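Each value in this text was obtained by applying a stated rule to the coordinates, not by laboratory testing. Keep in mind that what you see is a predicted model, and the values were worked out from it rather than measured. Positions of Cβ are backbone-derived with ideal geometry, glycine not excepted, and every protein chain shown enters the neighbour counts.
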Amino acid sequence: MRDVLVLPGQPARIEAVLTKSGLIGTQQGLGGEQLELVVGGKSVAKAMTGGDGRAFLDYTPKVRGNHEVTVMLAPNRRVASSDAKALLGAWERRRPILLVEVAALMQLEKPSPLPVPSMPIPLGQREDSTPAPDAADELNRLTQFFYNVIYVSWAPRDARDPFSDGQKDVREWLTRHKFPRGLSIAVRPGEQALAAKIDQLRTDGWTNVKAGIGRSRAFAEILVAHRMEVVLVPEPDKGEVPKKAKAVKEWKEVRKKL
């Protein structure tokens, strides 16, 4: 499941996919299975999966806020599956949205003196990733009264598709380290994909996407190009801060810049 964003009182279409593992790690959709949407402990919608394993369940949140939604597979003798969870954001447009690059929430690792394989390690699946000092506390302060937050899993120039990393792992990491509730999205690698995601949010009416906190220069450049405030943390090397972007050495200084 993916997180969904709507206005309070607006119908939300929640997409769930039921798959089984195939050969060489491939996933095959399972059709003809009934899924049930549960919100607040109550069943609110049911739908049957199509041939590709996809099902669409509709629900209208009446109260603003972040609502955890769960999709369950109806009990049967053919198939068993764990429940899937996601977040349904029912947000008002008057409250600004803050985009946070997930990499900025993680502590920079000290280089190892030993040679290591140059294999990519998926962001969000590293259970041993340590959060940056004060990141959770400061982000909680920012979101308590002012911002709604969208966590962005994204790599500027990484050949790996972040959709394969699984947002479940990102959500669990954020929850485990007590970051504030917010939507979590995965954006395909490359500057154009992130720019397109911001454009799509605004096309959908979310013109209140106002600011961002990131780690990479590319992230800052894209937000500046969209006339957004952006803070880089930790402060990069001299000359790496794009024009009109801001940078701080540690998370405790972020609120002063937004």
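Quick notes on this one:
- Computed 3J(HN,Hα) for the range 213-225, one whole-Hz value per residue from the Karplus formula 6.51 cos²θ - 1.76 cosθ + 1.60 where θ = phi - 60°, is 10, x, 10, 8, 4, 4, 4, 5, 4, 5, 5, 4, 4, glycine and proline marked x.
- Each residue of the range 36-50 was assigned a 3J(HN,Hα) from its phi angle through the Karplus expression (A = 6.51, B = -1.76, C = 1.60, θ = phi - 60°), giving 10, 9, 10, 10, x, x, 10, 6, 10, 6, 9, 7, 9, 6, x Hz with x at Gly and Pro.
- Crossing angle, helix 135-145 versus the chain [Cα axis fit, 0-90 degrees, rounded to tens]: 70 degrees
- The amide H of Ala12, built 1.01 Å from its N in the peptide plane, has Tyr59, Thr60 as neighbours under 5 Å, considering only residues 5 or more places off or on other chains.
- P(r) tail fraction, the chain - alpha-carbon pairs more than 35 Å apart, %: 19 percent
- For Ser184, the residues whose amide H sits under 5 Å from its own are Asp3, Tyr151, ignoring neighbours fewer than 5 places away on the same chain, with H placed 1.01 Å from N.
- Residues whose amide H lies under 5 Å from that of Ile213, counting only those 5 or more places away or on a different chain, are Leu99, Val100, Glu101, Val231; hydrogens are built 1.01 Å from N in the peptide plane.
- Placing +1 on the Cβ of every Lys and Arg and -1 on the Cβ of every Asp and Glu, with nothing else charged, gives the chain a dipole about its Cα centre of roughly 680 debye.
- Per-residue Cβ neighbour rank within 10 angstrom, fewest leading, Ser153, Ser21, Ser129, Ser81: Ser21, Ser81, Ser129, Ser153
- Using C-alpha pairs under 8 Å with a sequence gap of at least 6, the mean separation divided by the residue count of the range 4-90 gives a relative contact order of 33 percent.
- MRE, 222 nm, helices only [DSSP H, n ≥ 4, -39500 (n - 2.57), over the chain, to nearest 500]: -5000 deg cm²/dmol
- FRET efficiency estimate (nearest 0.05) - Cβ-Cβ, Lys243 to Arg141, R0 41 angstrom: 0.90
- Secondary structure note: in the chain, about 55% of the DSSP beta bridges are antiparallel.
- Each of Phe179, Phe219 has some number of other Cβ atoms within 10 Å of its Cβ, and from fewest to most they run Phe179, Phe219.
- Efficiency of FRET from Cβ geometry, Ala225 and Lys62, R₀ 45 Å, rounded to 0.05: 0.75
- Compared with the dominant Cα axis of the chain, that is its longest principal axis, helix 167-176 is turned about 60°.
- Top of Gly51, Gly212, Gly89 by mean-square fluctuation, Gaussian network on the chain, Cα under 10 Å: Gly51
- Members of Lys62/Lys252; Lys62/Lys168; Lys85/Lys197; Lys62/Lys178; Lys20/Lys46 lying beyond 31 Å, as alpha-carbon distances in this model show: Lys62/Lys252
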